[in-house]
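Each remark here refers to the structure printed beneath this line.
FYI, it's all coordinate maths here, none of it is from the lab. Bear in mind that the values here come from a model prediction, so they are computed numbers and not experimental data. Glycine also receives a Cβ, built like all others from the backbone with ideal geometry; neighbour counts cover every protein chain displayed.
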């Protein structure tokens, strides 16, 4: 037998003893569903509780088998290319609501719960869990690990702001917990902020507790047209210094407009971006969403009437925000060779970052649709090839390097999507203002064997 077959047999036997036959998947056709950047793992394990997660990681730590935590797989395209993982640890069986107290405005969810199921549970009690994801099938654990956020971040903060407790298992099988189930819990280290956005490189998240909010009874969206990004940012700045508090403030550039409506399916290899003459719209837009009573919404409408081009409410308003949530997904489905950045900059640098993206993209023959949380400085920026044929891989690397070189040292521009071949020619994470040596020490403390998502994140 080959070394790979021998290793797989060893993996099978060890994990079947821990989980039973139903907790292990090794059939080649099933393994394809868990592929990471097109590379299938040797084995998939499906623990049903945190104790089994701990047992699995102890075995993997002892044997130095690499592990990739896996929810619905919607964010597995993010990260560097790595070698074939030995084990994919799926959280799909950790899929129940542990506790929900509507009166206390808290909910506890296991990592495998789909975000859409958690939102539906809260909606039954007219409450809101403001988690927004780029893909509808994302799980709670996946949303936390990749620090997902959407337009509601402007009004409710990011996951780090309303996640109040977390349970996890470290790379050597030790269980850990941070925070608690009550909003005012301040005991211990703030491990939630450490694990959120760590992309499964520090531990396997098994459950988390969240603060929920009363759901807005009604909302309106004011669309404000601007002739340029500079004008749109000036309006944003005026809003920030006013007493008005939108629950969402989204900036949308002209190139993004065609991705905010449903269209008939097409082959991504035969889809070219529309030209400005076809979209018949050269305006930048700010979409301002407000919630409140009839009286409050009427007053807001009056105060912003001079800047407002149109007002949306009801079904039309809800549909716009649904389409904005599908923006990144649409870019990928229409443009197989797209490169997509998630960019975070200080508010004062928003305008320069948008200009930097446009200049870098233009120099390397890309079109740049942009959508973003204008009041928090967080943007999704697509680099779409103008030609139907894919560009050379070095063109992606050069465009990314050019764009990043125009940003300040405190900015972050992570490539979350690009052709796999292009990943080999540049670092998708880019530079970071974070202390990398400190990150390595944290990685060593929580994953001493370096088995979790080895080689895919910033360190380790």
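If I stretch the segment between residue 119 and residue 349 completely, what's the gain in nm (0.36 nm per residue apart, minus their alpha carbon distance), one decimal?
My answer for the length gained is 79.4 nm.
Quote the Stokes-Einstein diffusion coefficient, in whole µm² s⁻¹, for the chain, based on the Kirkwood radius over alpha carbon pairs, a temperature of 10 °C and a viscosity of 1.306 mPa s.
So the translational diffusion coefficient is about 68 µm²/s.
Under a crude label model (7 Å from the Cα following the beta-carbon direction), how far is residue 33 from residue 444 in nanometres?
Distance between the two pseudo-spin positions: 4.0 nm.
Per the helix-only calculation at 222 nm, which mean residue ellipticity applies to the chain, given -39500 (n - 2.57) for every DSSP H run of n ≥ 4 and division by its residues, nearest 500 deg cm²/dmol?
The per-residue figure over the chain is -9000 deg cm²/dmol.
How big is segment 293-409 along each principal axis, measuring the range of its Cα positions in Å and listing the largest first?
56, 32, 20
Okay, which of segment 110-127 sit inside 18 Å, backbone N to the point 7 Å along the Cα-Cβ direction of residue 101?
Within reach of a label on residue 101, which here means backbone N under 18 Å from a point 7 Å along Cα→Cβ, segment 110-127 contributes 110, 122, 125, 127.
Report, as a whole number in µm² per second, the diffusion coefficient that Stokes-Einstein gives for segment 358-460 at 25 °C and 0.890 mPa s using the Kirkwood radius over alpha carbon pairs.
For the chosen part, D equals 159 µm²/s.
Sort largest first and round to whole Å: the equivalent ellipsoid semi-axes of segment 129-187, each the square root of five times a Cα gyration tensor eigenvalue.
After diagonalising the Cα gyration tensor, the semi-axes are 22, 17, 8 Å.
Roughly what percent of Cα-Cα pairs across segment 284-326 reach past 15 Å?
47 percent
Using only Cα atoms, locate the centre of segment 401-447 and the centre of segment 276-342, then give the distance between them in Å, rounded to an integer.
30 Å
For q values of 0.10, 0.11, 0.14, 0.20 Å⁻¹, compute log₁₀ I(q)/I(0) with the Debye formula on a Cα-only model of segment 97-214, without solvent.
Here log10 of I(q) over I(0) equals -0.25, -0.31, -0.51, -1.08.
Suppose R0 equals 41 Å; then what is the FRET efficiency for residue 425 and residue 218 from their Cβ-Cβ distance, rounded to the nearest 0.05?
It comes out at approximately 0.25.
If we count other beta carbons within 10 Å of each Cβ, what is the order of 405, 167, fewest first?
With the sparsest Cβ surroundings first, the list reads 405, 167.
Sticking with the crude label model, points 7 Å out along Cα→Cβ, report the distance from residue 402 to residue 228 in nm, one decimal please.
In this crude label model, residue 402 to residue 228 measures out at 2.1 nm.
Based only on Cα atoms, what mean projected area does the convex hull of segment 3-90 have, in nm²?
5.6 nm²
For segment 87-134, what class follows from the C-alpha gyration tensor (a ≥ b ≥ c being the square roots of its eigenvalues): rounded when a/c is under 1.5, otherwise prolate if a/b is larger than b/c, else oblate?
Prolate shape, in that a/c is at least 1.5 and a/b is the bigger ratio.
For the chain, what relative contact order do you get, as a whole percent, if you take Cα pairs closer than 8 Å and at least 6 residues apart?
16 percent
Label residue 182 and residue 58 with points 7 Å out from Cα along Cα→Cβ: what is the distance between them in nm?
Here the modelled spin labels are 3.3 nm apart.
Largest first and in whole Å, what are the equivalent-ellipsoid semi-axes of segment 219-423 based on the Cα gyration tensor, each being the root of 5 times an eigenvalue?
They are 31, 20, 13 Å, listed from largest to smallest.
Using Cα pairs under 8 angstrom and six or more residues apart, how large is the relative contact order of segment 97-214, in percent?
The normalised contact order for segment 97-214 reaches 32 percent.
Between segment 99-127 and segment 158-234, what's the alpha-carbon centroid distance in Å?
Computed from Cα coordinates, the inter-centre distance equals 14 Å.
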